[in-house]
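This report concerns only the one structure given below.
The values are calculated or read from the model by the stated rules, or taken from the named source; none is laboratory data. Owing to the predicted nature of the structure, the values given are computational and were not obtained by experimental measurement. Note that we place each Cβ from the backbone using ideal geometry, even for glycine, and neighbour counts take in every protein chain shown. Only protein heavy atoms, including side chains, enter the accessible area calculation; ligands, DNA and RNA are left aside. Shrake-Rupley method; radii C 1.70, N 1.55, O 1.52, S 1.80 Å.
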Amino acid sequence: MNNLTIKKIAFGILLAGYASSSAFALDAKTTSLISGNKPILTAQQNDAKDHTLTVRVTSDDEGKNQIGNRAAKTGDYIVIKFNVSDADGDLDTGKIKDTLKVYIKKSTGAWSEITTLDSLKATNDGAKGQISFKIDNSFIGANYIGFKLLERTDYGLPYANQWLQVNDIWAKNSAPSIADPTNPDEPEKTPPEGLPETEKHGPGDVTIDDGFGPIGSEKLKVGIFLLEGGVPNKAKNYANTSKPDATLVPTYGDKFAAIVWEDNDDNGVVDANELEVTDSYQFEWRLEGEYGGVKAGGDSGRTYTTPLTRGISSSKNDLGNNDLYTLGADTSGVKHNSPYASRFAAGAQGFNLRVNTK
C-alpha cells in the first residue's frame, strides 16, 4: 500500500470521527446577561462612608490651594473629589462629569441651575477622580451652591447607581441626599427633581475653613443711595469714592438704601445694565469718625460703634436684611439727636454714616 493510499484512509477516518462527534455536541448559555456590582462614590478621606464626596473651594483648578476663611469669589474654583468604589474594578474616565448639574440660591428665592459651567474638566487616576469648574459671574450673589452627581462608571452592568444631591457645599458633617434615577433605563438622563429643601446636605467630608457665601467679585460694591419717593435714586451714592459729589450731604430726615452691585465701570453708581445682589446680604449701620472730641470708632480691626438700631427697616418685609435707614429716625416729635448714644454731643452730627454687610 503506497503512502498516498494510507493518507487517504487516515483523512477519511478523521472526517468520520468529526462528523460522529459533531452530531452529539451540546452547548448552553445563561438566559440573563452577566451582572456585576453597582459603583459607589466615597469622599477622599480616611474611613469615608458610602455615597459621600469631598468638595474644596480653591484658587486653582487642581484643588490644591484652598481659599481659607474668606468669601468665595469669581475666579475661584469648586473642586469635587471622589473615589470610585466598584467591586468589579470598573472605572470612570470622565463620564461622571457629564452628569453634573449645579444650582445656586440666594438668601431668598428658589434654586436656579447654572446651565453652562466655565472651565469644566475632569481628571482621573485609577479609582480616584475629581471634577472642577470656575466660579464665574453667574454665581455672583449666591449664598448657597448645590449640585447633583450620578454614581457611575464608563462601562459595567450595572454601570450606574444613585444620584448624590448636595444643597450646601459648605455644610459640614452632613452627607448628600441619595435618590434613584427616575428612569433606571436611562439613569444619567433622569435625575430626581429639585434639591432637598428641609435640611442641609453637605458633601459628606469634614472640611476646614474653605470659604463661604455669598459669592462676590472684584467689582462688587456697597453704596448708600438716597431714597426719593420710596425708591432709591441709583445715581445718588452718598458713599461714592470713585466720583465724590460734595452736594450729597446726609441730613437728618434723609432716608437711605444700601445697594450691593457689580460696578463694572467703577463709576460708583448703579447703571442700568449692572447686576444687583442686595438681597443676598444683611446690613449693619453705624456712625464713624470723631466729633467734639469723641470717637465713634475707627478703622483698626473694623471696631466701630455698636450697630444702630432705630430707623432700620427693609425694602422687602419678608427679607429682613436691614437695607434701609432713616437718619435721625422717625422720632415722632422727639429731637433728631435722641436716637444716638448720649455720649455724642450732637447726636449723629459731625460723623460719617457707614453701612457694612455681614
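With no solvent and one equal point scatterer placed on each C-alpha of the stretch 229-293, evaluate the Debye formula and give log10 I(q)/I(0) for q = 0.27 Å⁻¹, two decimals.
Taken in order of the listed q values, log10 I(q)/I(0) reads -1.46.
At a probe radius of 1.4 Å, what is the per-residue accessible area of Tyr340, in Å² to the nearest 10?
Taking all protein chains as shown, Tyr340 has close to 20 Å².
Going 7 Å from the Cα of Ala127 toward and past its Cβ, which residues in the stretch 146-189 have a backbone nitrogen under 13 Å from where you end up?
none
Helix 3-22 sits at what angle to the longest principal axis of the chain, using alpha carbons and giving 0 to 90 degrees rounded to 10?
Tilt relative to the chain: about 50 degrees.
If I ignore ligands, DNA and RNA and count only protein heavy atoms, how much of Ser242 is accessible to a 1.4 Å probe, in Å² to the nearest 10?
50
What residue among Ser132, Ser32, Ser59 has the largest mean-square fluctuation in a Gaussian network model of the chain, using Cα springs under 10 Å?
Maximum among the listed residues: Ser32.
State the antiparallel share, in %, of DSSP beta bridges confined to the chain, rounding to the nearest 5.
Rounded to the nearest five, the antiparallel share is 95 percent.
Enter the accessible area of Lys234 (Å², nearest 10), with the probe set to 1.4 Å and all protein chains included.
70
Given the options Ala28, Ala87, Ala239, state which has the largest fluctuation in a GNM of the chain using a 10 Å cut-off (strictly under) for Cα springs.
For the chain, modelled as a Gaussian network with Cα springs under 10 Å, the answer is Ala28.
Set the Förster radius R0 to 51 Å, insert the Cβ-Cβ distance between Leu100 and Phe24 as r into 1/(1 + (r/R0)^6), and round the FRET efficiency to 0.05.
Numbers: r = 57 Å, r/R0 = 1.12.
For R0 = 51 Å, the calculated efficiency reads 0.35.
Can you give me the C-alpha center-to-center distance between the stretch 318-355 and the stretch 217-245, rounded to a whole angstrom?
Each part reduced to its Cα centre gives a spacing of 19 Å.
For Lys189 and Glu62, what does the FRET efficiency come to when R0 = 30 Å and r is the distance between their Cβ atoms, rounded to the nearest 0.05?
Values: r = 30 Å, r/R0 = 1.00.
It comes out at approximately 0.50.
If R₀ is 41 angstrom, what is the calculated FRET efficiency for the pair Asp271 and Lys295, using the beta carbon separation as r and rounding to 0.05? Working shown, then result.
Values: r = 36 Å, r/R0 = 0.89.
Step by step, r from the Cβ atoms, then E = 0.65.
Using the structure shown, list the pairs from Lys38/Lys105; Lys73/Lys243; Lys101/Lys134; Lys38/Lys64 with a Cα-Cα distance above 23 Å, or answer none. Let's see the in-between values first.
Working: Lys38/Lys105 32 Å; Lys73/Lys243 25 Å; Lys101/Lys134 14 Å; Lys38/Lys64 30 Å.
In this structure, Lys38/Lys105; Lys73/Lys243; Lys38/Lys64 exceed 23 Å between Cα atoms.
How high is the relative contact order of the chain? Use alpha-carbon pairs under 8 Å, at least six apart in sequence, and give a whole percent.
Once normalised by length, the contact order is 13 percent.
If you rank Arg70, Arg152 by how much accessible surface each has, with a 1.4 Å probe, what is the order from largest down?
Details: Arg70 75, Arg152 20 Å².
Largest accessible area first, the list is Arg70, Arg152.
In nm, to one decimal, how far is the modelled label at Thr115 from the one at Ile34, with both set 7 Å along Cα→Cβ?
According to this spin-label approximation, the distance is 4.3 nm.
In nm, what is the difference between 0.36 nm times the number of residues separating Val231 and Val334 and their Cα-Cα distance? Please list the in-between numbers first.
On the way: separation 103, 0.36 × 103 = 37.08 nm, distance 2.59 nm.
Extending this stretch completely gives an extra 34.5 nm.
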